[in-house]
1. Within the stretch 267-283, how many residues are without any contact (Cβ under 8 Å) to a residue 40 or more places away in the chain and out of contact with any helix residue (DSSP H, G or I) (no Cβ under 9 Å at 6 or more places or on another chain)?
2. For the stretch 297-315, which residues satisfy the criterion of being touching an Asp or Glu at 6+ places or on another chain (Cβ under 8 Å) and not aliphatic (A, V, I, L, M)?
3. Go through the stretch 450-481 and count every residue that is open to solvent by less than 10 Å² (accessible area, probe 1.4 Å) and part of a helix (DSSP H, G or I).
4. Out of all the residues in the stretch 80-97, which are charged (D, E, K, R), over 30 Å from the mean Cα position of the chain (by Cα) and closer than 22 Å to Asp111 by Cα?
5. Checking Ala352 against (1) surrounded by fewer than 24 Cβ atoms within 10 Å (Cβ to Cβ); (2) within 24 Å of Tyr422 (Cβ to Cβ); (3) of a type in the set (Gly, Ala, Ser): exactly one of these is not met. Which one?
6. Would a scan of the stretch 338-358 turn up a residue that is at pLDDT 95 or above, under 28 Å from Ile56 (Cβ atoms), part of a loop (DSSP other than H, G, I, E, B) and out of contact with any helix residue (DSSP H, G or I) (no Cβ under 7 Å at 6 or more places or on another chain)?
7. Here is a check on your reading of the model: is Ala306 outside any loop (DSSP other than H, G, I, E, B) and small (Gly, Ala, Ser)?
8. Looking at the stretch 296-308 only, could you name the residues that are within 9 Å of Ala333 (Cβ to Cβ) and either open to solvent by 10 Å² or more (accessible area, probe 1.4 Å) or touching a helix residue (DSSP H, G or I) at 6+ places or on another chain (Cβ under 6 Å) (or both)?
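The values are calculated or read from the model by the stated rules, or taken from the named source; none is laboratory data. Everything quoted here is computed from the prediction, not taken from an experiment. Quick reminder, even Gly has a Cβ in these numbers, built from the backbone with ideal geometry, and neighbours come from all protein chains shown. Quick note on the areas: whole protein, heavy atoms, side chains included, nothing else; ligands and nucleic acids left out. Shrake-Rupley method; radii C 1.70, N 1.55, O 1.52, S 1.80 Å.
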Amino acid sequence: MMWGMGRAGVGAMGLALALLLTGQARAEPDLGAMTAGERIAFTKALPKGGELHNHISGAVFPETLLGWAAEDGLCVHLADLALAPPPCEGELLRPAAEAVGDEELYSALLDSFSTRKPSFRDRSGHDQFFGVFGRIGATTSQRAGDMLAVVMDDLAHQNTFYLEAMVTPQGRAAAALGLQVGLRADLGEMQDALEAAGLGDLVSAAVASTDALEARARQVLGCETPAPRPGCQVTVRYLVQTSRVLPPEATFAQLALGVALVEADPRWVGLQMVAPEDHPVALANYRLHMEMVGHLSGQGRTTPVALHAGELTFNYAPPEHMRDHIAQAVRVAGARRIGHGVALPHETGAEALAAEMAEKGVLVEINLTSNAVILELGPHNHPYGWLIARGVPTSFSTDDAGLLRIDLSHEYERAHAYGATYGDLKRSARNALAFSFLAGEGLWSDPGRYQRPDPACRGQIGAPEPRGACADLVARSDKAREQWRHEALLAAFEAQRGLARRR
């Protein structure tokens, strides 16, 4: 499959060279000169490398969730406009299958399960967004494999073939184990106590549940049939999603499970922390959380770390909490990637921190629609351009595509309004692989700049198949393999549109 894409790229590269020699090839498309429809079609077809910030539980559109709820015999709580387990008895509970046939109720449920209607029930975008997860939990807990299949297939239809999915493995059991062990002043002692109390059993259970998750996704996609769906081509890795609003001993246990799971199962590649950063519990324990992550991950050296940090504005946090959250994530916890990061210009020593992130290659995951809906940050006050000007690597991602009613291509199209050029979109796509937590070396010696291929692959990037030492690199490295596939897709995309092939 991958090599077939590469062969398609060779003919495309020849076409691009011919156009360039005749003066017909364009160095770079002008996004501003395109109509909205042209940009949408362009970014839908653009190979986007990968999706690094994706919560599977919020990635599926409400229409699909309601269909599953009806199939599974779930109920709708009429007052809360939420899903609930059966039996559907009492005045406030109604079978989901009936709700799907009630036009008015169905529309209200779509509003309740997404952010499509501004100020729904007088909620802010922030409160509506974070409240959705509780209202859809009855179905997302049963349909994890189906949700993964939907996300994989959606990405493949957007010419994107890598996903790092945020999932919470054995979350309740790990939290309960942490509460059983209790908080200790010595984090090493607490980690030992968790292991003695049975943390290893939870790791085994998490591996088994991952097997089941993937088996169901592949079944839904028909991956073992003669007619597999495109999503079967998507490579998936997982980030251990832990909660920052639990008692700290419960959070620590989830993090400890995450570190052990990353060590035990190569499908799991890093740590994350989720839930509102502005929640009182999250704010009160922020420093402790960073110390916990730093202790368990060796400050990101032994276990890769990506953290939601700086997802704040003055509407949701006082100034003292906007001065150093990203700095702590980078310097204390050892985060290699920052989710959102919109408060970075507010941090003490912001210019120095941005320079440090640029030098270290700490990537910011940019979620434009999420930031607009939750934090009311649009093109006029979002720091995207500020980050680009300072050389901080960035990559566009969706956050929660289903809740926000978007896809990854939408974020790439929307980026034009924030000043992004085609070169920025191309770099974002490459960054999604170069700064992923995929195992192995990459194709580029200068990730983020893409001027110096690895010596083994110099002169071969975009070719149909790697040769010699480059073939060895691609064979042994997950990251190089995904980058090779992306470069072949990119070469074909640019050639088909008469664009000069440039790094």
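1. 1
2. Thr303, His308, Gly310, Glu311, Thr313, Asn315
3. Residues in the stretch 450-481 being open to solvent by less than 10 Å² (accessible area, probe 1.4 Å) and part of a helix (DSSP H, G or I): 5 in total.
4. Keep residues of the stretch 80-97 that are charged (D, E, K, R), which gives 80, 89, 91, 94.
This time we only want the ones that are over 30 Å from the mean Cα position of the chain (by Cα), so: 89, 91, 94.
Of everything in the stretch 80-97, those that are charged (D, E, K, R), over 30 Å from the mean Cα position of the chain (by Cα) and closer than 22 Å to Asp111 by Cα turn out to be Glu91, Arg94.
5. (2)
6. If we filter the stretch 338-358 for residues that are at pLDDT 95 or above, which is where we start, we get 338-358.
Still in the running and under 28 Å from Ile56 (Cβ atoms): 338-344, 357.
Now drop any that are not part of a loop (DSSP other than H, G, I, E, B), which leaves 341-343.
Next, only the ones that are out of contact with any helix residue (DSSP H, G or I) (no Cβ under 7 Å at 6 or more places or on another chain) stay: none.
Scanning the stretch 338-358 turns up no residue that is at pLDDT 95 or above, under 28 Å from Ile56 (Cβ atoms), part of a loop (DSSP other than H, G, I, E, B) and out of contact with any helix residue (DSSP H, G or I) (no Cβ under 7 Å at 6 or more places or on another chain).
7. yes
8. Just the residues of the stretch 296-308 that are within 9 Å of Ala333 (Cβ to Cβ), to begin with: 297, 299-300, 305, 307.
The answer is Gln299, Val305, Leu307.
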